[in-house]
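The values are calculated or read from the model by the stated rules, or taken from the named source; none is laboratory data. These numbers were taken from a predicted model, which means no experiment stands behind them. Positions of Cβ are backbone-derived with ideal geometry, glycine not excepted, and every protein chain shown enters the neighbour counts.
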Amino acid sequence: MRILLVGASGAMGQSVVRFVEQTTDQVTVALQDKESNEERYEVFTTFEAMSQYLTENPEAADVIIDFSSPKITDDVLKIAEKHQTPLMLATTGQTEEQEQLIKAAAKNVAIVDTHNTSIGVNVMQALVAQMTKMLYPLGYDIEVIEKHHRYKKDSPSGTAKMILKAAQDSIDESTTVLNGRDGVDYQRPHSEIGVHAIRGGDIVGEHTILFANNQETLELTHRAGTKDLFVRGALQAARFLVNAEPGLYDMHDVIG
């Protein structure tokens with residue numbers, strides 16, 4: 001599988017490069033924000049130059065993997081559509097307008113759009129839905145806590161939003177979300193879900209959903225030990241996309 005890697009110079013991009021070297025797959029084209037003497041693959045710093053190269057070399061890439069920034073999501077979608085190359089979109093922090101652009105692009109090209117490529121996190125999302133359906137009607141309050149390294153810019157994390165959505169979609173009444181807590185005269189209603197973001201050190205990623213009533217507390221937690229688990233999931237999704245019809249998919253489609 002030939003990979004066009006967007007965000008190749010970032011931490012996740014470099015993890016992809018290192019991991020792929022141990023497989024039969026290959027990074028053949030890369031887009032990054034700085035020049036490089038890299039000889040293993042073609043490096044570009046502008047979408048225009050990369051698009052021209054893809055036009056002249058239509059067999060250069062079987063799939064795009066994007067671990068970059070939502071600032072360039074629009075351009076990544078244009079490349080995927082123009083060159084009819086499936087897209088594994090693992091970038092977080094897109095706006096609602098960008099989410100609509102993703103849906104529109106998926107009518108013409110296969111896209112896996114996910115906030116987390118970890119297999120475990122996506123299994124957790126399914127478990128959250130089941131637990132919420134069972135526990136929320138019995139009066140259990142719900143809180144979501146996420147922890148990441150000090151360099152992560154967006155909060156709450158995309159994965160926390162995935163977990164929150166899984167819970168909210170499993171509740172048959174209106175709920176409100178409170179990001180963090182502050183104040184001296186406030187009592188949470190049952191219909192409120194608190195979301196809390198912690199940043200510090202080199203925490204790869206940790207997500208917990210907490211269910212609590214007056215007698216007990218249940219917690220479901222996923223801890224990432226290394227970035228390689230995200231790369232492994234992204235490659236699995238990329239292989240899925242190579243033979244997929246145009247459409248919008250998520251990791252649950254990949255896992256099966």
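For the condition surrounded by fewer than 23 Cβ atoms within 10 Å (Cβ to Cβ), farther than 24 Å from residue 181 by Cα and of a type in the set (Ser, Thr, Tyr), what is the one hit in 114, 55, 132? Break it down into steps so the answer makes sense when it comes.
Values: 114 fails: surrounded by fewer than 23 Cβ atoms within 10 Å (Cβ to Cβ); 132 fails: farther than 24 Å from residue 181 by Cα.
From the options 114, 55, 132, the qualifying one is 55.
May I ask you to list pairs of residues, at least six apart or on different chains, whose Cβ atoms are under 7 Å apart, with the first in the range 83-100 being within 18 Å of residue 155 (Cα to Cα) and modelled with pLDDT under 95 and the second being of a type in the set (Val, Ile, Thr) and part of a helix (DSSP H, G or I)?
What qualifies is 91/73; 94/73.
Restricting attention to the range 145-154, report how many residues are crowded, with 18+ Cβ neighbours inside 10 Å and either assigned to a helix (DSSP H, G or I) or touching a Ser or Thr at 6+ places or on another chain (Cβ under 7 Å) (or both).
3
Which count do you get for residues in the range 42-52 that are without any contact (Cβ under 8 Å) to a residue 24 or more places away in the chain and surrounded by 12 or more Cβ atoms within 10 Å (Cβ to Cβ)?
The qualifying residues number 5.
Just checking: which of the strands (runs of 3 or more DSSP E) contained wholly in the range 1-91 hold 3 or more residues that are in contact with a Phe, Trp or Tyr (Cβ under 9 Å, 6 or more places away or on another chain) and of a type in the set (Val, Ile, Thr)?
Values: elements: 2-6, 26-31, 42-44, 63-66, 87-89.
So the answer is 26-31.
Conditions: (1) over 29 Å from residue 10 (Cβ atoms); (2) crowded, with 18+ Cβ neighbours inside 10 Å. Residue 192 meets all but one. Number of the miss?
For residue 192, the failing item is (2).
Given the residues 235, 164, 248, which is the only one that is surrounded by 19 or more Cβ atoms within 10 Å (Cβ to Cβ) and either under 20 Å from residue 65 (Cα atoms) or free of Cβ contacts under 8 Å to residues at least 12 places away in the same chain (or both)? Before the answer, list the steps.
Numbers: 164 fails: either under 20 Å from residue 65 (Cα atoms) or free of Cβ contacts under 8 Å to residues at least 12 places away in the same chain (or both); 248 fails: surrounded by 19 or more Cβ atoms within 10 Å (Cβ to Cβ).
After ruling out the rest, the residue left standing is 235.
So the check is Cβ under 7 Å with 6+ separation or different chains; which pairs have a first residue in the range 22-36 that's free of Cβ contacts under 8 Å to residues at least 24 places away in the same chain and a second one that's of a type in the set (Val, Ile, Thr)?
Final answer for the pair search is 35/45.
Given the structure, is residue 208 free of Cβ contacts under 8 Å to residues at least 40 places away in the same chain and either aliphatic (A, V, I, L, M) or assigned to a strand (DSSP E or B) (or both)? Lay out the reasoning, then the answer.
On the way: free of Cβ contacts under 8 Å to residues at least 40 places away in the same chain: no; either aliphatic (A, V, I, L, M) or assigned to a strand (DSSP E or B) (or both): yes.
The answer is no for residue 208.
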